[in-house]
Amino acid sequence: MQENRKTNTEGEYRDEAAKARFTTTESRDLKSMTLEELTDVMKENGFPAFRAKQLYRWMHVSLAREYSEMTNIPNKMAEQLSREYPLTTVRVIDRQISKIDGTQKYLFAMRDDSLVESVFMRYKFGNSVCISSQVGCRMGCKFCASTLDGLFRSLTPSEMLEQIYEIRRVTGERISHVVVMGTGEPLDNYDHLVRFLRLLTDENGLNISQRNVTVSTCGIVPRIYDLANERLSITLALSLHAVTDEKRREIMPIAYQYTIAELMEAGRYYFDRTGRQVTFEYSLIRDVNDSAQDAQMLADLAKPLGAHINLIPVNPVKERGYRQTQEAGVLAFKKKLEKRGINVSIRRVLGRDIDGACGQLRHRHLEGSGHEGGVQLEV
């Protein structure tokens, strides 16, 4: 590892008080608790242990927003819990629906009025939701709108769950797949992410298959090893986007901390430990990373890991100036990879007529409000 590696300081926490406040309130966040932890809380408050499973089902299966909706919970108990353990919910601030493909983009307000984005997508294999893991992002990737306003704070497990729950409430449709690929770097919010994953896939809750969950990371190498040791069956998507350290540093500041070789070693460890195929996310940027040589070097990286490559025509972000590789160039790049025996796909472009790129909708609202972290708006 390089001795002179730079530390990325772009987008540090805007509000340290907010960070501390959400840490101290976790003990009151029932929706972020496991069933066992919830049982302990019931006992501590003098309630029968069986009430924990009732509460758990109301929160994670029936998706109740208020204790008053829980019809088999005694009124006195509901009133006490409402005072001492307010339920985490989100509010829909904006909802965009694509006229092209029906993709829905949501802007949600958290309880402190900070804003995050989520996307609801329909596929042949089922409905997928892409959620945010942080309010903003500090990774500084040059092609991404999520990092334009820096990092305000990380989301709690319940706030990540609530993005999925609220979309289910609004659409009335079942969610079968979840992608943690919205605003924020999931592994920069590691402990909350892992708790969220266990709650999301718990058989007592929504019970979404771990194999239908994908977590994307720009490459925080130590946390990839940690995640591998959790022995979850989720898919790990590595946001690679360049095939040399020099080029990767130009567009992804995290590359100053971890080399591509280190990232590949971590990817190999994840595969060996979990048996789950690793995916490379590769955003094609015209005249930056879409040459024939780039394709050859990308294949050389993917082959030893047996990695799947997901090519992404980059969403234009006006503040960044990057241009999308034209369709013919994307197809040619794909063919070059396939000739090398690489399993490759092109991400289906959804929601192009709405604020499609991660962070665009939130950034537009923040620009209009003059606020940095959170703002309360009317629907």
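The values are calculated or read from the model by the stated rules, or taken from the named source; none is laboratory data. Just so it is clear, the structure is predicted and the values come from calculations on it, not from any experiment. Ideal geometry is used to build each Cβ from the backbone, glycine not excepted, and the neighbour counts take in all protein chains shown.
Screening segment 122-137 for residues that are of a type in the set (S, T, N, Q) and surrounded by 24 or more Cβ atoms within 10 Å (Cβ to Cβ) and picking the one that is farthest from Asp101 (Cα to Cα) gives Gln134. Selection of segment 26-46 for residues being more than 14 Å from Asn204 (Cβ to Cβ) and surrounded by fewer than 19 Cβ atoms within 10 Å (Cβ to Cβ) yields Glu26, Ser27, Arg28, Asp29, Asp40, Lys43, Glu44, Asn45, Gly46. Here is the figure for segment 104-121: residues that are surrounded by fewer than 21 Cβ atoms within 10 Å (Cβ to Cβ) and assigned to a loop (DSSP other than H, G, I, E, B) total 3.
The residue pairs whose first member lies in segment 28-40 and is at negative phi and assigned to a helix (DSSP H, G or I), whose second member is of a type in the set (Asp, Glu) and crowded, with 17+ Cβ neighbours inside 10 Å, and whose beta carbons are closer than 9 Å, counting only pairs six or more residues apart or on different chains, are Lys31/Glu159; Lys31/Glu162; Ser32/Glu159. In summary, helices (runs of 4 or more DSSP H) completely within segment 251-353 and bearing 1 or more residues that are at pLDDT below 95 occur at 327-339. Taken over segment 196-233, the criterion of being without any contact (Cβ under 8 Å) to a residue 60 or more places away in the chain and in a loop (DSSP other than H, G, I, E, B) is satisfied by Thr201, Glu203, Asn207, Ile208, Ser209, Gly219, Ile220, Glu230, Arg231, Leu232, Ser233. Residues in segment 49-71 that are in a loop (DSSP other than H, G, I, E, B) and within 22 Å of Asp202 (Cα to Cα): Ala49, Val61, Ser62, Leu63, Ala64, Arg65, Glu66, Met70. Before we move on, is Val288 of a type in the set (A, V, I, L, M, F, W, C) and either buried (at least 22 other Cβ atoms within 10 Å of the Cβ) or closer than 16 Å to Val221 by Cα (or both)? For Val288, the condition - of a type in the set (A, V, I, L, M, F, W, C) and either buried (at least 22 other Cβ atoms within 10 Å of the Cβ) or closer than 16 Å to Val221 by Cα (or both) - is not met.
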